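Novice: Shown below is the structure under consideration.
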Amino acid sequence: MTKKTYQKPDVSREALENTLADLTRKLWESNQKLEREEQTRRELLANLSHDLRAPMTALASAVELLQSGREINDEDYRELLGMMSRRLKTMQSMMEELFLLSRIEDPNRELVRERVQAGVFLEEFFFSNEADSKYAERELVLEVPEDFPYAVEIDVEQIIRVLDNLFTNALRYSDAGARIILGASVTGEGDFLEISVRDTGMGIAEEDLPHIFERSYRADRSRTPKDNGSGLGLAIAKGIVERHGGRIECSSKVGEGSCFRVFLPLAK
Ligand code: ADP
């Protein structure tokens, strides 16, 4: 019977210490990341409950008024119903977007990718919006080259969601007569499709620009007085684009307009 002998591993003390230091640093970094995520989650919850309170309070007072049996003239009655319907829509869109955000962040949910021709895909998206009456007072412009032979492998439903968010924002943060331009090109190195959504709307203040992709961030209402968004649209868009291995950027000037750029890896 052979006897097993203990062999000292051939590793220097210095190497072991380095490995330990490396592991400690990694652990600390992932802990920091978790803490940041937890903080964002807490802020999101706080913002959401704050944002839900305003429409809920308005709805509760409206219902109380209707129940009180007090005389209301036709015009006030219509206005009251209109207000209730707008508040309900805001709450509905907040709930939908929140649901979507949780689905996007679900690590178990795979993207359903399919190969699409970028030019054809963007044209279809553009024309379906052009036909939508909500854009009747905007000038929609398509700047996708006619011959654009590039393909991407995307989860079509999700990328449409991103473009929808950008278009809806361009509409929401602009006035009648503004232009909304959908463009496409390929980046210098030829490995990314660049989709741009530009508008000639109110633009974004410099102090808001670094935060607009954060969950539930909305610019100060004195700067952007439009109040029917959930503040989740751009966070959702960023999440979707990043899951595709891409990125999203924005440049903007108050009073001149904004430009959102989405970069998606081209199919091999
Ligand atoms: P919201 O539901 O409030 O529109 P988003 O996440 O879509 O939320 O956008 C975050 C904020 O970024 C908006 O509240 C608005 O202040 C600003 N923003 C987004 N898109 C535009 C745009 N095209 N023009 C001006 N401001 C914009």
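Novice: Identify, please: which residue in region 239-268 is open to solvent by 20 Å² or more (accessible area, probe 1.4 Å) and among the hydroxyl-bearing types (Ser, Thr, Tyr) and is, among those, nearest to the ligand (Cβ to nearest atom)?
Specialist: 252
Novice: What residue, among those in region 188-205 that are touching a Ser or Thr at 6+ places or on another chain (Cβ under 9 Å) and in a loop (DSSP other than H, G, I, E, B), is farthest from residue 159 (Cα to Cα)?
Specialist: The initial filter retains those residues of region 188-205 that are touching a Ser or Thr at 6+ places or on another chain (Cβ under 9 Å), namely 193-205.
Narrowing the set further to residues that are in a loop (DSSP other than H, G, I, E, B) leaves 200-205.
Values: 200: 23, 201: 23, 202: 25, 203: 23, 204: 23, 205: 27 Å.
Checked region 188-205; the qualifying residue farthest from residue 159 (Cα to Cα) is 205.
Novice: Quick one: which residue in 40, 24 is of a type in the set (S, T, N, Q), surrounded by 10 or more Cβ atoms within 10 Å (Cβ to Cβ) and more than 28 Å from residue 213 (Cα to Cα)? Break it down into steps so the answer makes sense when it comes.
Specialist: Working: 40 fails: more than 28 Å from residue 213 (Cα to Cα).
Among 40, 24, only 24 is of a type in the set (S, T, N, Q), surrounded by 10 or more Cβ atoms within 10 Å (Cβ to Cβ) and more than 28 Å from residue 213 (Cα to Cα).
Novice: Here's another thing I want to ask about it. Just the residues that are open to solvent by 60 Å² or more (accessible area, probe 1.4 Å) and within 12 Å of the ligand (Cβ to nearest atom), please, taken from region 123-163.
Specialist: Passing the criteria: only 161.
Novice: What number goes with the only condition from (1) assigned to a loop (DSSP other than H, G, I, E, B); (2) in contact with a helix residue (DSSP H, G or I) (Cβ under 9 Å, 6 or more places away or on another chain); (3) of a type outside the set (Ser, Thr, Tyr) that residue 63 does not pass?
Specialist: (1)
Novice: Report, ordered by the first and then the second residue, all pairs with beta carbons closer than 6 Å, sequence separation of six or more or different chains, a first member in region 82-93 that is assigned to a helix (DSSP H, G or I), and a second member that is within 13 Å of the ligand (Cβ to nearest atom).
Specialist: So the pair list comes out as 90/228; 93/230.
Novice: Over 30 Å from residue 211 (Cα atoms) and open to solvent by 90 Å² or more (accessible area, probe 1.4 Å): is that true of residue 70 in this structure?
Specialist: Details: over 30 Å from residue 211 (Cα atoms): yes; open to solvent by 90 Å² or more (accessible area, probe 1.4 Å): yes.
So residue 70 fits the description; yes.
The values are calculated or read from the model by the stated rules, or taken from the named source; none is laboratory data. What you see is a predicted model; the values in this text were computed from it and never measured. Please note: Cβ atoms are built from the backbone with ideal geometry, for glycine as well, and neighbour counts cover all protein chains shown. The protein model used for the area step is the full one, side chains on, heavy atoms only, and it has no ligands, DNA or RNA in it. Shrake-Rupley method; radii C 1.70, N 1.55, O 1.52, S 1.80 Å.
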